[in-house]
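The values are calculated or read from the model by the stated rules, or taken from the named source; none is laboratory data. Predicted, not measured: the structure shown is a model, and the values here were computed from it. Virtual Cβ from ideal backbone geometry, glycine too; neighbours counted across all protein chains shown. Just the protein is used for accessible areas: all its heavy atoms, side chains included, with ligands, DNA and RNA removed. Shrake-Rupley method; radii C 1.70, N 1.55, O 1.52, S 1.80 Å.
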Amino acid sequence: MLSPEKISDCVSDAIASISYPDQPAGLYTPIAYTLESGGKRLRPQLTLAVCSALGCDVERAISAALGIEIFHNFTLLHDDVMDAADLRRGRLTVHKRWNENTAILSGDAMLTMATEFIAGAPVEVMPKIMHLFNRTAMEVYEGQQYDVDFEHSNDVTVAQYIEMIRLKTSVLLGCACRVGAMVAGASEEVADAFYKYGENLGLAFQLRDDWLDTYGDPLVFGKQIGGDIINGKKTWLLINAIAECRNEILDILAEDLEPSERVEQVRAVYDRLNLNDRCRALVSDYADKAIHALDGVDLDADARAYFDNLARRSVERNY
């Protein structure tokens, strides 16, 4: 299997090699700005890693891997508009650096670009990969709609929240893993195992993001701390706090407070309920589920270490 460094370099080189038309600059410059901003680039790395772990040349999977990464970034442009987010990866979001219309239109263009790259998958598996990609995209949109709906409800359950983040976040990681397996010609059983790995890894990552939004270092995390609380987003932390201290939390959220004061008061309730440690324990549980999803897959030592270490790092990551 290729080393983690080589896989990362393959993704970075592929993104850097994307060619954009010169005009209209107002459409393409924000796309380049978004893709060159870095980020974890976890999804395309997973596609290439699975492909390589199964003994296939990663060049066969690069086009599809790029499509998945561009699609992911398209969703971020639109999410940032919907969430009124100022920062992404430590830089101004597209709608703040330019404007909302730019973020929407450049995002639309990215969706089309993503589809074109997905269509560049090996011809023998491209129709199945396209079907998987389209199904996954619809699931991501469904998850985003649930996320929006939940902002207006104080009766969201933990089970409903987990299903929302599975759709909004996890299915795309599962898709990234399955695409790598499909390109490598893996059996359905192996492809399913890698999908479950990605799905559980995604749940661990999103729950860790919930934690980081409240307890992270903004200079490392690259986003405003407390944004979820300020925007009334129903995270695992807030849902549990409402369930256990409903009147107190809802009073804080309803009170006319400065954003920083609201964050401080809500976080104090989280601390009293020990939600900090409880959330971190749940992240660890999902990381363990990701690791065990691959127990039946025949992988060499380097490949197994790659996927195990990636899941374990999700528990303590700070960005």
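Any chance you could look up the accessible area of HIS131 with a 1.4 Å probe, heavy atoms only, rounded to 10 Å²?
We get 120 Å² for HIS131.
Just to check I understand the Karplus step: with θ = phi - 60° and J = 6.51 cos²θ - 1.76 cosθ + 1.60, what whole-Hz values come out for the range 243-250, glycine and proline as x?
After applying 6.51 cos²θ - 1.76 cosθ + 1.60, I find 5, 9, 9, 3, 5, 5, 5, 5 Hz.
Please give the peptides 152-165, 201-214 ranked by average Cβ packing (other Cβ atoms within 10 Å per residue), highest first, as a rough proxy for protection.
Sorting 152-165, 201-214 by mean packing, highest first, produces 201-214, 152-165.
Give me the extension gain from TYR20 to GLU189: residue separation times 0.36 nm, minus the current Cα-Cα distance, reported in nm with one decimal.
Once the chain is fully extended between TYR20 and GLU189, it gains 57.0 nm.
So which of LYS6/LYS233; LYS96/LYS233; LYS40/LYS233; LYS96/LYS234 end up more than 28 Å apart, counting from Cα to Cα?
With Cα atoms farther than 28 Å apart: LYS6/LYS233.
Shape verdict for the range 200-267, please, from the Cα gyration tensor: rounded (a/c under 1.5), prolate (a/b greater than b/c) or oblate.
Oblate.
Cα-based Rg of the range 209-319 per 2.2 N^0.38 Å, rounded to two decimals?
Rg over 2.2 N^0.38 Å, computed on Cα atoms: 1.31.
Taking H placed 1.01 Å from N in the peptide plane, check which residues at least 5 places from LEU87 or on another chain put their amide H under 5 Å from its amide H.
Close amide H contacts, sequence-distant or interchain: THR93, GLN224.
Could you work out [θ]222 nm for the chain from helices alone, using -39500 (n - 2.57) per DSSP H run of at least four and dividing by all its residues? Round to the nearest 500 deg cm²/dmol.
Using -39500 (n - 2.57) per qualifying helix, the result is -23000 deg cm²/dmol.
Relative contact order of the range 117-214, please, whole-number percent, based on alpha carbon pairs below 8 angstrom and at least 6 residues apart.
27 percent
Over every pair of different alpha-carbon atoms in the range 256-301, take the mean of 1/r and invert it; report that Kirkwood radius in Å.
Value: 13.5 Å, from the Cα pair sum.
Could you run the Debye sum over the Cα atoms of the chain, one equal point scatterer each and no solvent, and tell me log10 of I(q)/I(0) at q = 0.11 Å⁻¹, two decimals?
Normalising to I(0) and taking log10 leaves -0.69.
Quick one: if you stick a label point 7 Å off each Cα along the C-beta vector at ASP277 and THR112, how many nm between them?
5.4 nm
So what are the ³J(HN,Hα) numbers for the range 45-53, from phi and the Karplus equation (6.51, -1.76, 1.60; θ = phi - 60°), rounded to whole Hz, Gly and Pro as x?
Taking θ as phi minus 60°, the curve returns 5, 5, 4, 5, 5, 5, 4, 5, 4 Hz for the range 45-53.
Quick check: at a probe of 1.4 Å, how many percent of the accessible area of the chain sits on carbon and sulfur atoms?
50 percent
What is the packing order of peptides 233-242, 2-11, taking the mean over residues of other C-beta atoms within 10 Å and listing the highest first?
Per-residue Cβ counts within 10 Å, averaged per peptide and sorted highest first, yield 233-242, 2-11.
Full-extension gain between ARG313 and GLU248, please, as 0.36 nm times their residue separation minus the C-alpha to C-alpha distance.
19.9 nm
Which of the three applies to the range 43-179, rounded, prolate or oblate, going by the alpha-carbon gyration tensor with a ≥ b ≥ c and a/c under 1.5 meaning rounded?
Oblate, since a/c reaches 1.5 and b/c is not below a/b.
Would you mind classifying the range 132-235 by shape? Square roots of the alpha carbon gyration tensor eigenvalues, ordered a ≥ b ≥ c; an a/c under 1.5 is rounded, otherwise it is prolate if a/b is larger than b/c and oblate if not.
The shape class here is prolate.
What accessible area per residue, rounded to a whole number of Å², is obtained for the chain using a probe radius of 1.4 Å?
I get 44 Å² per residue for this part.
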